[in-house]
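What follows is one structure encoded as structure tokens, with my remarks underneath.
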Amino acid sequence: MGQIAAFCDGFFTLPQLNSSAYFVSEAMISSGDVTSSTRFSTNIQGTHHGVAVPIADGHYLISQPTPQRVARVPGASSLPNGFHIVNVNGDLIHSLNNDSDPQSSCIGFHGSGHIGNDFAFGCDQVASDPQHGGILLVTYDAGSQTYTSRKINYPQLPSGFRTGTIADNKYSSSFVGNIGNFRSSAPPYLVQFDVLSPPLMEESQLLSLPVRQCTFKFEKSGKHILVMMPYGSLLVYTAKPWTLMANVSVVPDMLSCTNVSLVEGHTTAYILDARPGASTAGQHKMYVVDLTNLALPSVRTVDLDYPPFLGAVAGVPKGHQCAEPLVPNLPPSSLSVLSGWIYLTSHGGNFGPGSAEMSNLIFETRRNISLALSAAVNQIYVLEVDQVSTGVYIHVAFAGEESSDLVSRFISQLGQPSSALRTMMALDESVSFESSNPNAPTDDDDDEDKLSDGAIAAIVVVTIVAGLAALAAIYFACQARQTRLKYEKAPAEAKDGTKHRSSSVVSQA
């Protein structure tokens, strides 16, 4: 069992109440004995909006107010610029409070997360020194009991943009933060990063959102990011790389984030609707979004007789202990589907059934098309892959109510030489969307499976001469040969349900 940290900002208004931090044992918190369950506590001079983080080996990270805040300078920010790491006796072990060094401070800190012994803190932009802005990463080496820190700097962003919230999950290797100007309505970003991220954020780490999200959280398994939007939709992403896996309409008539909250569960999201106008006959709503099958998420409505402002998930629901969300490679039969073929050149490798090359090709194709069309992955599928000597033919399907619109946009981008689709998929200028596979066998190719007229005549002669026994033997031999030929020419069925046909000619006995 670990520890729970509680940070109290205090009160700046006179009579001032200083900030304080408490670290409580999870194992002993149920005892009701505050003294025995509290592992460490401390009072901090001055007040500020801060954080307390328990670390291994009896170490504790605690934010520190600025000297201006302590001195009660008018207009001094309540956000800290750094942290102290102390032991259980309150002795200073390591300082991250040198605001002259961007690598060991975090000016205007707000938003934190941790995965194991890696810690992340959101820092403000500093117009006079861009090196100060960004995310401070701190790593604790338990072997040597030492700390290292460095900055991941923001890319070129509009003034006032910064990270203010960081989401983490113990099953994920990545953090996710927001980047935006929280005093304006400018469209924000989400950013994915980890301890191996470069010192300057790259474009591939950023996800641009059309409007500011209400909130974002990891689904409990750590596989997906849940993003609640102010127009009532829940967006489900993978963050490395950013891929929209599902877009689920959940809350009807939602116009803002006020009184709507998201609670993350195991392959499930719970949307709590406490809006006054949402109540009917004294009932509010909880929307339960089942994400077990991201190809076809379901939403169930639960009536509540009270306004649900906050929620938490405790335990693991029966049947979900080992489950994780997935998007199958084949669309559900209940969805309408429009499909066609495209051709990709210069794809080396053997795209055999169940091979890594096949899996990667399917994933990249679906992801690239979804990004180019701003569509969810659960609207795009790969039905078949036909490999030839110069490349591959891919049978792409668009599923759901928007399939016709997606096909139109897909064809439109195929006709634009510099479109996002052509760029991401490296398509030749001559590539088009065909209703059938140009490499499919013709009727003439099928003739090789048929017995020639001479063979049939021979069978008749042998039948007349040899009698019924010989006829039976030849009949069964021919049937076996026909069956074998059909089997050899039939498309193989991949493990994931995607059909694969090799272009090599089947030799005949």
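According to the square roots a ≥ b ≥ c of the eigenvalues of the Cα gyration tensor, what is the shape class of segment 227-273, taking rounded for a/c under 1.5, prolate for a/b larger than b/c otherwise, and oblate for the remainder?
Since a/c reaches 1.5 and a/b is larger than b/c, the shape of segment 227-273 is classed as prolate.
Averaged per residue, what accessible surface does segment 131-220 expose to a 1.4 Å probe, in Å²?
45 Å²
How much accessible surface area, in Å² rounded to 10, belongs to the heavy atoms of residue 364 with a 1.4 Å probe?
Counting only protein heavy atoms, residue 364 exposes about 90 Å² to solvent.
Under 1.5 on a/c is rounded, so check that first for segment 339-424, then, if it is not, pick prolate when a/b is larger than b/c and oblate when it is not; a ≥ b ≥ c are the square roots of the alpha carbon gyration tensor eigenvalues.
Verdict is prolate for segment 339-424.
Checking the a/c ratio against 1.5 first, then a/b against b/c, what shape does the Cα gyration tensor give for segment 161-260?
oblate
The values are calculated or read from the model by the stated rules, or taken from the named source; none is laboratory data. The structure displayed is predicted, hence computed values, not measured ones. Just so you know, the surface numbers come from the protein's heavy atoms only, side chains and all, with ligands and any DNA or RNA stripped out. Shrake-Rupley method; radii C 1.70, N 1.55, O 1.52, S 1.80 Å.
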